Amino acid sequence: MIICGTNAGSPRCWMLVNDTVLTDVQGNGQIASASDISPPYPSQKSISLPSDGSLYSAMSSVTGHPGSIRRTFGSQKLLKTENVWLLNPQFAGAAIMPSTLKYKEEIYFFFSELNKTARVDEEPYRARIGRICTVDEGGIKALLADSWTTFMKARVMCGAGNTQQQYNNMKQAVVLTAQDKRAGVLYGLFSNAWGRTVICAYSIEDIDQAFSTSKLKGYSSPFVGSRPGMCVRKNSTTGGHNDIKNLGVIRYHPEIEDVIRPVGVAPLDLPTDDQITHAVADIVLAVNDEHYSVLYLGT
């Protein structure tokens, strides 16, 4: 087990041996800098998620650090997001998206980022879902050599239809998924500029469909060969003309056009107006032998 901490402003990682002894990190796997896994101070939010012997880490933006999504440990190549893909991200959660085909396994990262085009009367944030494939091994020497080739992101809306009553700051994300199946529900805790909080629910199937079929924002040409950013058994890194073109598409157009909207196109109708600070979800078996999703809210 790897344990990383702030270490009084100088992040450091250790290996926990026999549940009792801390040693320097050893083994066959590669490991990123401790500062890419743990922030120097608890106020900088970070998220780490293990999957099949690898560790994936998301670091929120602070002064001097643009924020990133990385593979930070494991036998696979250590990869990162390009700085231009994220605009001062503040991460709210992450979840593994299972698949019956292992090479199609994905990880979703949930965050809010700066809205550069916001008007004076608009909030400066936009909620996002970022997605990477766990089989990603990076690009070619000339393009995305140490970066994700499968990173895509989508805007997430939480509000009443197309009205101005929108909640753009995602504070927390909780996902319930079926084992080995790309199905389930995302519950997002959102706030607006006045501090009011709501919960929006999203279909994982709808999100998956959007990433698989949506046009890419700012890109209108037809795709050549496979769709850019898709999970494949072995990434297209041989350097052929079509491979380079697809890598270029992802490098400059990682955002999809489709907007992710909540189930019912509105926040959940909750029996409270209190400010929600934390959310937890679970699937429980009731006395009638039916399974139900239960949402626990902290105020």
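Read-outs throughout are calculated quantities, based only on the coordinates presented, and are distinct from any laboratory measurement. Model, not experiment: these values are computed from the prediction. Every residue, glycine as well, gets a Cβ built from its backbone with ideal geometry; the counts of neighbours run over all protein chains shown.
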Phi to ³J(HN,Hα) by Karplus 6.51 cos²θ - 1.76 cosθ + 1.60 over the range 195-202, Hz, x for Gly, Pro: x, 6, 10, 9, 10, 10, 10, 10
query: Of the residues ILE283, ILE199, ILE37, which exhibits the maximal mean-square fluctuation in a Gaussian network model of the chain defined by a 10 Å Cα contact cut-off?
result: ILE283
- request: Determine the gain in length on full extension of the stretch LEU49-VAL17; use 0.36 nm per residue of separation and subtract their C-alpha separation, reporting nm with one decimal.
  value: 9.5 nm
task: Add +1 for every Lys or Arg and -1 for every Asp or Glu among the other residues with Cβ under 13 Å from the Cβ of LYS217, and state the total.
output: +2
message: Give me the dipole magnitude in Debye, nearest 20, for the range 20-106 about the Cα centre, with unit charges on the beta carbon: positive for Lys and Arg, negative for Asp and Glu.
response: 100
Cleavage-rule hits (trypsin sites (Lys or Arg not before Pro)) in the range 190-299: DSSP loop, at most 12 neighbouring Cβ within 10 angstrom: LYS215, ARG233, LYS234
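Nothing charged except the Cβ atoms of Lys and Arg (+1) and of Asp and Glu (-1): what's the magnitude of the dipole of the range 77-273 about its Cα centre? Round to the nearest 20 debye. Don't skip to the end; give the middle numbers.
Details: 24 positive and 20 negative charges, 108 e Å.
Computed charge dipole of the range 77-273: roughly 520 debye.
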Separation in nanometres of the label points that stand 7 Å from Cα toward Cβ, at LYS141 and ALA193: 5.1
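To the nearest 0.05, what FRET efficiency results for ALA178 and ASP121 with a Förster distance of 41 Å applied to their C-beta separation? Walk me through the numbers before you get to the answer.
On the way: r = 41 Å, r/R0 = 1.01.
Efficiency at R0 = 41 Å is approximately 0.50.
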message: Need the C-alpha centroid separation for the range 186-224 versus the range 14-46, integer Å.
response: 32
field: Links that overshoot a 28 Å alpha carbon limit, given the list LYS45/LYS102; LYS215/LYS245; LYS45/LYS245; LYS116/LYS141; LYS77/LYS102; LYS116/LYS153
entry: LYS45/LYS102; LYS45/LYS245; LYS116/LYS141
message: Can you match log10 I(q)/I(0) by the Debye sum over Cα atoms at q = 0.11, 0.13, 0.14 Å⁻¹ to one of these, (i) -0.70, -0.99, -1.14; (ii) -0.63, -0.92, -1.10; (iii) -0.72, -0.89, -0.99, based on a calculation from the structure here?
response: (i)
- request: Quick one: dipole size for the range 55-194, taken about the Cα centre, charges +1 on Lys/Arg Cβ and -1 on Asp/Glu Cβ, in debye to the nearest 20.
  value: 200
query: How do MET152, MET157 line up, fewest other C-beta atoms within 10 Å first?
result: MET157, MET152
- prompt: Which is farthest toward the positive dipole end of the chain among GLY5, PHE223, THR81, measuring Cα position about the Cα centre, with Cβ charges +1 (Lys, Arg) and -1 (Asp, Glu)?
  reply: PHE223
message: Could you identify which residue out of PRO40, PRO228, PRO254 has the top mean-square fluctuation in a GNM of the chain using Cα springs shorter than 10 Å?
response: PRO40
statement: The FRET efficiency for LYS215 and ALA160, from their Cβ-Cβ distance with R0 = 25 Å and rounded to 0.05, is 0.45
- request: Quick one: which residues, 5 or more positions from LEU79 or on another chain, have an amide H under 5 Å from its amide H? H modelled 1.01 Å from N in the peptide plane, none for Pro or chain starts.
  value: ARG71
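Would you please classify the overall shape of the range 62-213 from the alpha carbon gyration tensor, given that a ≥ b ≥ c denote the square roots of the eigenvalues, rounded means a/c under 1.5, and beyond that prolate means a/b larger than b/c while oblate covers the rest?
Details: a/c = 2.19, a/b = 1.32, b/c = 1.67.
Cα axes put the range 62-213 in the oblate bin.
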query: Based on DSSP, what percent of beta bridges with both residues in the chain are antiparallel, to the nearest 5?
result: 95
